[in-house]
Amino acid sequence: MKTSKKIFISAVVIAIVATLVINLLSNSKADEEVVKVGVIAPITNLVVGGNNLGEGFVNGVTLAMEEYAQKNPDSNKIKLVVEDDGYDAKKGVSAFEKLSTINDIDFLINLSSPTIDSIREKVRSEGVPVLQIGAESEPLKDSIFNIYPDQTSISDVAIEANKDGVNKITAVIEQLDVYEKFVSDFEKNFKGEVNIVRLPASASDYRTQITKLKETGAENVIILMSSKSGAQLIKQMRDLKLKPINIYFDVSLQLGLSDFEKVLGDLSYLNGAKSLYSVSDVDASFVERYKTRFSVEPGPLSGYGYDSFVAMINTKEVSSDKWIKNIQAYKAKGVTGEISFNSIGVRPPGFKIGVIEEGKLLVK
């Protein structure tokens, strides 16, 4: 009787241990099957022309993930972890630290230029695959890939200024690394002299700097600022009766055109101004699916969020090194057009020159 009881207890213990082992193995397998994707975007503090660029971007990522899950019910599960950086470098660093250490992400999709410039060394050292929207100030051959068309096309604006016969220009820039890169790219292709005026990124009153520009007779300027700041600068230039002969912008004029319209009332002051202009058209089917899902029109960056997720999942590998190689070789037609990456992980440009005529931004 005692022997039978011992055998029974042993059998129960063995069964319990076996069950625990099976559960642990199952949980481990389940963890391995989950692809953890971090998304950092300025859900707050980046509203351009009434569009919350960060929210629209995240919605694009979300839509792509949902559609993938519907089409591939038996595939790996995707865990999306979204962090708000408020378009602030310090918040971006904190967001990445959380995603990297606590969430242990496999992949990062990031929007903000200030954030990528602040985390890039850590990203590079850890070999985290990244799809990026905002321009890097120092793109290299590494694990970071910029899925927004190459913004170094600011060189096209320099070429346009050369054609206009400009031999001296003042670059008015916000003090962010990405704008330092833009002005550097401009200088490489501009045949004349460039004078740089740097403005604090947090400033809103530019009257002192504008007065100095008037005194120095700044006849040609290129504005490299966010649309909100740029619109305030232009308004104060108008108020102080400074009207350069030639005014040039990067793509921020196009993306934030309604900010300029709101601040200026109309764009007649800018007649003749020229701007880098993105010519990529978002797929009509995507627009309809987005509107059905979120009940609003997609924002300017929503399609890039969608394409980022699709590129991420279509290149997925267990090994980060293989994943990075797959992205480097990736070629596809996304909802934002043809996607590929050059030797330093930057998508080829898709820009033309726009010009303000009769208060409207038109493409040349």
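The values are calculated or read from the model by the stated rules, or taken from the named source; none is laboratory data. This is a predicted model, so every value here is computed, not measured. A quick note on method: Cβ atoms are made from the backbone with ideal geometry, for glycine too, and the neighbour counts reach across all protein chains shown. Calculation scope for accessible area: heavy atoms of the full protein, side chains included, ligands and nucleic acids excluded. Shrake-Rupley method; radii C 1.70, N 1.55, O 1.52, S 1.80 Å.
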Note to self: Please list, in order along segment 257-265, the HN-Hα scalar couplings obtained from phi with the Karplus expression 6.51 cos²θ - 1.76 cosθ + 1.60 (θ = phi - 60°), rounded to whole Hz, x for Gly and Pro.
What the structure shows: 4, 5, 5, 5, 5, 5, 6, 8, x
Check: Gain in length, K79 to V296, computed as 0.36 nm per residue apart minus the alpha-carbon separation, to one decimal in nm?
Finding: 75.6 nm
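Can you tell me the equivalent ellipsoid semi-axes for segment 74-127? Use √(5λ) from the Cα gyration tensor, largest first, whole Å.
For segment 74-127, the ellipsoid semi-axes come out as 20, 13, 10 Å.
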Notebook entry, point to check: If the limit is 18 Å between Cα atoms, which of K141/K352; K79/K333; K163/K274; K181/K212; K214/K360; K274/K333 go over it?
Noted result: K141/K352; K79/K333; K181/K212; K214/K360; K274/K333
Note to self: Can you sort V296, V37 by solvent-accessible area, 1.4 Å probe, largest first?
What the structure shows: V296, V37
Item checked: Radius ratio Rg over Rh of segment 297-364, counting only Cα atoms, Kirkwood formula for Rh -> 1.13
Check: When the helices in the chain are scored as -39500 (n - 2.57) per DSSP H run of 4 or longer and the sum is shared across all residues, what 222 nm value do you end up with, to the nearest 500 deg cm²/dmol?
Finding: -14500 deg cm²/dmol
Notebook entry, point to check: For T315, T44, what's the largest-to-smallest order of accessible area, 1.4 Å probe?
Noted result: T44, T315
Item checked: Alpha-carbon Debye profile of the chain, log10 I(q)/I(0) at 0.07 Å⁻¹ -> -0.36
Item checked: Percent of Cα pairs exceeding the 20 Å cut-off, where the set is segment 169-267 -> 32 percent
Check: Could you give the nm distance between label points at T211 and V363, where each point is 7 Å from its Cα heading toward the beta carbon?
Finding: 4.3 nm
Margin query: Could you compute how much accessible surface S278 exposes when probed at 1.4 Å, giving the result in Å² to the nearest 10?
Written below: 10 Å²
Item checked: Computed over segment 45-95, Cα set: Rg, Dmax in Å -> 14.1, 41
Item checked: Convex hull volume per residue for segment 212-258, taking Cα atoms only, in Å³ -> 73 Å³
Item checked: Protection proxy ranking, peptides 108-121, 329-342, 71-84, average beta carbon neighbours within 10 Å, highest first -> 108-121, 329-342, 71-84
Margin query: Using the Cα atoms of segment 92-233, I'd like the radius of gyration and the largest Cα-Cα distance, Dmax, both in angstrom.
Written below: 17.7, 55
Check: On alpha-carbon atoms, Rg over Rh for segment 149-190 using Kirkwood Rh?
Finding: 0.97
Item checked: Where F294, F260 fall by accessible area, highest first, once all protein chains stay in place (1.4 Å) -> F294, F260
